[in-house]
Amino acid sequence: MVILWQKNKPALYPLPVPSALAKQDLKRTTDLATQSANRQWHPATGGNFSVRDAGDLCWVSPSGKHKGMLEWTDFLPVDFAKAELVQPCYVKPSDETALHCAVYRADPSARAVMHVHPPHTTALVGAGFTLSNNEMLKAFGYKTHELNVTIPSLPNTQDMEKLGLEVKLNLELKILVLEDHGVYAWGPNPDEAMFRIEALEFLCQLRSLSPRP
């Protein structure tokens, strides 16, 4: 059965369309989603992605579709101030839309949010997980590798709407790990968001190969 999501919401006319910049970012996001799917970072229908547009509008990937096969036209218009679709839709947005919206509300510089399930990050990162003394820490914006960095993490939850309302985000690292689930990262464009995920996964992979802190 086809379900109309948020059917009590009035339809907009004209229909919202991505701005030129958002369209460019959406196309790049689909490229990165395909690349990360090929790395087995979000098998089946896992993972979700979004891009910020003008005002309170963002575009969020749909639920139930393999994210390695996304098209830029698959993304759904969402009001991130309210964390809801801007109009009724026959396609369901990601179940984790509320957390994407929380990022855009908290960080005006965020223009893209990526959520994937890289195995080493997902297996290792928990409360108090710290990385230190590795050159790759500079991927998070630091000027030196000689520091200790605690990766922000929270226990996994099924109540994403509650999490989206209550979460305290680390606006310096621009990363959040949901333990035994996956990682969120954001930045001023899709590539910089993905850089953070790649750096964290590399560092976690190194940690898995060495007992050194």
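LYS162 is checked against (1) over 20 Å from the mean Cα position of the chain (by Cα); (2) outside any loop (DSSP other than H, G, I, E, B) and fails just one. What number does that condition carry?
Evaluating LYS162 over (1) over 20 Å from the mean Cα position of the chain (by Cα); (2) outside any loop (DSSP other than H, G, I, E, B) leaves (1) as the failure.
Can you tell me which residues in region 75-115 are touching a residue at least 60 places away in the same chain (Cβ under 8 Å), of a type in the set (A, V, I, L, M, F, W, C), under 24 Å from GLU192 (Cβ atoms) and assigned to a loop (DSSP other than H, G, I, E, B)?
Matches in region 75-115: ALA83, ALA110.
Inside region 84-119, can you point out the residues that are more than 19 Å from GLY187 (Cα to Cα) and buried (at least 22 other Cβ atoms within 10 Å of the Cβ)?
Of the residues in region 84-119, the ones more than 19 Å from GLY187 (Cα to Cα) are 84-95, 119.
Correct list: PRO93, SER94.
Would you point out which residue out of THR45, THR73 is of a type in the set (S, T, N, Q) and touching a His at 6+ places or on another chain (Cβ under 7 Å)?
THR45
Are there any pairs, at least 6 apart or on different chains, whose C-beta atoms fall under 8 Å, with the first in region 141-169 and among the hydroxyl-bearing types (Ser, Thr, Tyr) and the second loosely packed, with under 13 Cβ neighbours inside 10 Å and assigned to a loop (DSSP other than H, G, I, E, B), and if so, which?
Sorted first by the residue in region 141-169, then by its partner, the pairs are THR150/GLY128; SER153/ALA127.
If only one of THR45, THR29 is at pLDDT 95 or above, among the hydroxyl-bearing types (Ser, Thr, Tyr) and either in a loop (DSSP other than H, G, I, E, B) or under 19 Å from ILE197 (Cα atoms) (or both), which one is it? Outline the logic, then answer.
Values: THR45 fails: at pLDDT 95 or above.
Sole residue among the options that is at pLDDT 95 or above, among the hydroxyl-bearing types (Ser, Thr, Tyr) and either in a loop (DSSP other than H, G, I, E, B) or under 19 Å from ILE197 (Cα atoms) (or both): THR29.
Residue under question is THR73, and the condition is that it be under 22 Å from VAL177 (Cβ atoms), hydroxyl-bearing (Ser, Thr, Tyr) and either out of contact with any Gly (no Cβ under 6 Å at 6 or more places or on another chain) or at pLDDT below 95 (or both); does it hold?
Working: under 22 Å from VAL177 (Cβ atoms): no; hydroxyl-bearing (Ser, Thr, Tyr): yes; either out of contact with any Gly (no Cβ under 6 Å at 6 or more places or on another chain) or at pLDDT below 95 (or both): yes.
It is false that THR73 is under 22 Å from VAL177 (Cβ atoms), hydroxyl-bearing (Ser, Thr, Tyr) and either out of contact with any Gly (no Cβ under 6 Å at 6 or more places or on another chain) or at pLDDT below 95 (or both).
Looking only at region 162-213, how many residues end up being among the hydrophobic types (A, V, I, L, M, F, W, C), loosely packed, with under 14 Cβ neighbours inside 10 Å and under 15 Å from ALA123 (Cβ atoms)?
1
It is to be established whether one or more residues within region 27-49 are in contact with a helix residue (DSSP H, G or I) (Cβ under 8 Å, 6 or more places away or on another chain), crowded, with 24+ Cβ neighbours inside 10 Å, of a type in the set (Gly, Ala, Ser) and more than 21 Å from PHE202 (Cβ to Cβ).
No - not one qualifying residue is present in region 27-49.
The values are calculated or read from the model by the stated rules, or taken from the named source; none is laboratory data. Worth saying up front: this structure is predicted, and the values here are computed from it rather than measured. As a convention, Cβ positions derive from the backbone with ideal geometry for all residues, glycine included, and neighbour counts pool all protein chains shown.
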